Structures are given as C-alpha cells and as structure tokens.
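Chemist: Here it is, the structure in full.
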C-alpha cells in the first residue's frame, strides 16, 4: 500500500517566493528522475495552503484543457517575481502623510485580482487536479472556511472559482480589503485571509487527510482509506524563519502602536510553530517511516526583509537567493523527499 502524500504551504505574502523556489527545485528533480512531464500534482494526493500558500496551491492544481497541469512550479513562483511589485504598490495618496489613508486597506486589490484572473481564469474548485484544502475566514458567520474539492461532490453550492479562492485566502486584514465571493450556486461568503487562524495549515491538512478515502477520491486501490501517521508522507513548507528577536528593553516601552505589528508577527509565527510541534509529536508515534513521515522545511530569509509586503526588486531577489541557499544546504533531505514521492506515486 502506498502512502497518502500531502503538501502544505504556509502564508507569508511576498515571502511565498521562498517555498516557491524550494518546491520548484523538488519538481525539477522529479522531472530529472521520472520524466520531463512530471508535475507536483502527479505526486501529491492532497495540497493545502494558506494565503500566499493558498495562491501557490491553486496554481499547482489548475488544469489545462487536456487535463494536465497548466503551470510548472517554476512558472508558479514567477507570479511573485514578475508581479510582486505591482501587487504591493501603494497609490501615491497613501504614501503621503495622509491620516485618511489609515482608514483604508494599505493596497489596492485590483492589481492582485487582475493577475490572479490572468493565471486561473474561470477554473472551478471541482476542476482542480487533486484534493485540496485552502483556508479563509468568514467574518460574517464567524467561522473558519476550508475550500476542498471533496465538498464540491455535494453540489454547486460548495463549488467556487479558484480565482475567488486565491483572492480570499490572501485577503490579509489591513493589507487588502475583505473578499466577497459567490459559489457557482450563488451562495455568498465574506472572507479574509486564512492566516488569521491557520497560517500554517499542515494540521488542518492532516485532519482532512484522516477523514479522506483516498482510494475512492483518486480511484486507486493502492492508496489508503482514512490514513493515520503510518500511512502518510507530509511535506510542510514555511515562508521564512523568524528574523531579529524582539528585545525586552524595546518591548517594555511599546504602546499600542509598537505592539500591533509585533503582535501580528508573534501570533502568526507562534501558531505555526505550535502546528509543527503537534505534527512532530504525532508522527513520532509512527511505526513505519521507511516510505513516509513528516518533513518540515523552513528556509531562512537570509538577508531579505521579513515584511510580507516588501516587494522591492532587491528584496525579491534576496528572497529568491535565500530559497536557493536553502536548497543547496538541504540537498540530501530534498533528495530523500523526491525518492519518497516517486516511491509513493
């Protein structure tokens, strides 16, 4: 019996370049080992993502007319490298010392929407290449939302356009205005970035996998039904380990303005590290790690800025270099992952 293979990608804005570069390397090695037409969706049974990780997930899962993946992993990361500066460009009136600008989102979302549309078109969730889990938060109904292909089997009320899902999972509060989307059945949702509750969606992906009959979903008798840790291979990829520490001498002087940006960073990194701890403990109970296991890949940002919206050409280049440095320093681990993906294909 082959393992259920899971890919999970954290949120982090423009720092999505980091996992994008690492994943592109993994796909390139799969192509060298298993044929030029190899694509990520051929090897992963479930792909999960939050925010920037959700956008990458949508790109990996979008099909062409012939049913094959529309984008390579390298083409997916190009969305950031080629369009990051446009997505995170502030209008001139918001760059001025204008108190009124504080009452609106930091960035105009229209450019992001235009770029997402150009990549994803009118592809529906039901048309995605593999099972998926993409997070968002419904602030009207006050509940977490998990977009997954499995639910679309229940009817069009659960089927949404990938362009709208990508827009919603990345609607980071204060950066972009909230998203209002409609299912194919015209059911509305009012959403913000899934990072507000699951910046690292790996535990959500684990829970989804535990309740998934992969044998039926994939129409493959050699894939598990409701797999446990003994039946999974999980690859979880972050968007850059934390930068400079917050010193006590600085923090003790902070008021609301000082704590707010730090608090957002602390909450997101803290929740992500908690998920890593939980999964590490769960997979430590596995009695069969030869073909599976849990791998957490967390590249360092290196010399790059840790801000999720620093899309200057210099910073994007530094993020790309940091991703390549991680690949060079962790080649043995990445080759092991490639081996396992081919083994469990």
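Chemist: Note down all Cβ pairs under 7 Å where the first residue falls in the range 93-114 and is over 12 Å from residue 175 (Cα atoms), the second is assigned to a helix (DSSP H, G or I) and at pLDDT 90 or above, and they're at least six residues apart or on different chains.
Modeler: Here the result reads 111/86; 111/87; 113/167, each pair linking the range 93-114 to a residue that is assigned to a helix (DSSP H, G or I) and at pLDDT 90 or above.
Chemist: When you look at residue 235, is it surrounded by 14 or more Cβ atoms within 10 Å (Cβ to Cβ), touching a residue at least 12 places away in the same chain (Cβ under 8 Å), in contact with a strand residue (DSSP E or B) (Cβ under 8 Å, 6 or more places away or on another chain) and assigned to a helix (DSSP H, G or I), yes or no?
Modeler: Details: surrounded by 14 or more Cβ atoms within 10 Å (Cβ to Cβ): yes; touching a residue at least 12 places away in the same chain (Cβ under 8 Å): yes; in contact with a strand residue (DSSP E or B) (Cβ under 8 Å, 6 or more places away or on another chain): yes; assigned to a helix (DSSP H, G or I): no.
No.
Chemist: With the requirement that a residue be in a loop (DSSP other than H, G, I, E, B) and either out of contact with any helix residue (DSSP H, G or I) (no Cβ under 8 Å at 6 or more places or on another chain) or under 20 Å from residue 312 (Cα atoms) (or both), what does the range 71-88 give you? Reasoning before the result, please.
Modeler: Going residue by residue through the range 71-88, those that are in a loop (DSSP other than H, G, I, E, B) are 71-72, 88.
If the condition is that a residue be in a loop (DSSP other than H, G, I, E, B) and either out of contact with any helix residue (DSSP H, G or I) (no Cβ under 8 Å at 6 or more places or on another chain) or under 20 Å from residue 312 (Cα atoms) (or both), then 88 is the only one that fits.
Chemist: Can I ask one more? Is it the case that the range 21-43 has a residue that's within 19 Å of residue 292 (Cα to Cα), in a loop (DSSP other than H, G, I, E, B) and either touching a helix residue (DSSP H, G or I) at 6+ places or on another chain (Cβ under 6 Å) or at pLDDT below 95 (or both)?
Modeler: Yes, that holds for at least one residue.
Chemist: Turning to a different aspect of this structure: Give me the residue from the range 169-187 that is within 17 Å of the chain's Cα centre (by Cα) and under 11 Å from residue 112 (Cβ atoms) and, out of that set, surrounded by the most Cβ atoms within 10 Å (Cβ to Cβ).
Modeler: Among those that are within 17 Å of the chain's Cα centre (by Cα) and under 11 Å from residue 112 (Cβ atoms), it is 170.
Chemist: Please go through the range 285-300 and give me each residue that is in a loop (DSSP other than H, G, I, E, B) and over 17 Å from residue 6 (Cα atoms), ordered by number.
Modeler: Of everything in the range 285-300, those that are in a loop (DSSP other than H, G, I, E, B) and over 17 Å from residue 6 (Cα atoms) turn out to be 285, 287, 299.
Chemist: Yes or no: residue 61 without any contact (Cβ under 8 Å) to a residue 40 or more places away in the chain, buried (at least 24 other Cβ atoms within 10 Å of the Cβ) and within 20 Å of residue 126 (Cβ to Cβ)?
Modeler: Numbers: without any contact (Cβ under 8 Å) to a residue 40 or more places away in the chain: no; buried (at least 24 other Cβ atoms within 10 Å of the Cβ): yes; within 20 Å of residue 126 (Cβ to Cβ): yes.
Spelling it out, it is not the case that residue 61 is without any contact (Cβ under 8 Å) to a residue 40 or more places away in the chain, buried (at least 24 other Cβ atoms within 10 Å of the Cβ) and within 20 Å of residue 126 (Cβ to Cβ).
Chemist: Would you be able to say whether some residue in the range 243-256 is touching a helix residue (DSSP H, G or I) at 6+ places or on another chain (Cβ under 6 Å) and in a helix (DSSP H, G or I)?
Modeler: Checked against the condition, which is being touching a helix residue (DSSP H, G or I) at 6+ places or on another chain (Cβ under 6 Å) and in a helix (DSSP H, G or I), the range 243-256 yields no hits at all.
Chemist: I would also like to ask the following. Quick check on my filter: what residues within the range 193-211 are surrounded by fewer than 24 Cβ atoms within 10 Å (Cβ to Cβ) and touching a residue at least 12 places away in the same chain (Cβ under 8 Å)?
Modeler: Here is the first cut: in the range 193-211, the residues surrounded by fewer than 24 Cβ atoms within 10 Å (Cβ to Cβ) are 196-197, 203-204, 207-208, 210-211.
Once the filter is applied, which keeps residues that are surrounded by fewer than 24 Cβ atoms within 10 Å (Cβ to Cβ) and touching a residue at least 12 places away in the same chain (Cβ under 8 Å), the range 193-211 yields 196, 197, 203, 204, 208, 210, 211.
Chemist: Another question, then. Which of the residues spanning the range 209-218 are in contact with a helix residue (DSSP H, G or I) (Cβ under 8 Å, 6 or more places away or on another chain) and either farther than 13 Å from residue 150 by Cβ or in a helix (DSSP H, G or I) (or both)?
Modeler: First, pick out the residues of the range 209-218 that are in contact with a helix residue (DSSP H, G or I) (Cβ under 8 Å, 6 or more places away or on another chain): 212, 217.
Within the range 209-218, 217 is the sole residue that qualifies.
Chemist: Oh, and also: Regarding residue 337, is this residue within 20 Å of the chain's Cα centre (by Cα), at pLDDT below 95 and either surrounded by 16 or more Cβ atoms within 10 Å (Cβ to Cβ) or in a helix (DSSP H, G or I) (or both)?
Modeler: Values: within 20 Å of the chain's Cα centre (by Cα): yes; at pLDDT below 95: no; either surrounded by 16 or more Cβ atoms within 10 Å (Cβ to Cβ) or in a helix (DSSP H, G or I) (or both): yes.
No; evaluated as a whole, the condition is false for this residue.
Chemist: Looking only at residues in the range 109-127 that are part of a loop (DSSP other than H, G, I, E, B) and at pLDDT 95 or above, which one is surrounded by the fewest Cβ atoms within 10 Å (Cβ to Cβ)?
Modeler: My answer is 122.
Chemist: Also, I was wondering about something else. Does residue 267 qualify as being assigned to a helix (DSSP H, G or I) and either buried (at least 16 other Cβ atoms within 10 Å of the Cβ) or touching a residue at least 60 places away in the same chain (Cβ under 8 Å) (or both)?
Modeler: Considered against the rule, which asks whether it is assigned to a helix (DSSP H, G or I) and either buried (at least 16 other Cβ atoms within 10 Å of the Cβ) or touching a residue at least 60 places away in the same chain (Cβ under 8 Å) (or both), residue 267 comes out as no.
Chemist: Only residues in the range 252-263 that are at negative phi count as the first member; pair them with residues that are assigned to a loop (DSSP other than H, G, I, E, B) and surrounded by 10 or more Cβ atoms within 10 Å (Cβ to Cβ), Cβ under 6 angstrom, at least 6 apart or cross-chain, and list the lot.
Modeler: Pairs found: 262/246.
Chemist: Another question, if that's okay. Please determine, by comparing only the residues of the range 292-325 that are in contact with a strand residue (DSSP E or B) (Cβ under 7 Å, 6 or more places away or on another chain) and under 20 Å from residue 30 (Cα atoms), which one is surrounded by the most Cβ atoms within 10 Å (Cβ to Cβ).
Modeler: So, considering only residues that are in contact with a strand residue (DSSP E or B) (Cβ under 7 Å, 6 or more places away or on another chain) and under 20 Å from residue 30 (Cα atoms), the one surrounded by the most Cβ atoms within 10 Å (Cβ to Cβ) is 292.
The values are calculated or read from the model by the stated rules, or taken from the named source; none is laboratory data. As the structure is a computational prediction, the values presented were derived from the model and not from experiment. Glycine also receives a Cβ, built like all others from the backbone with ideal geometry; neighbour counts cover every protein chain displayed.
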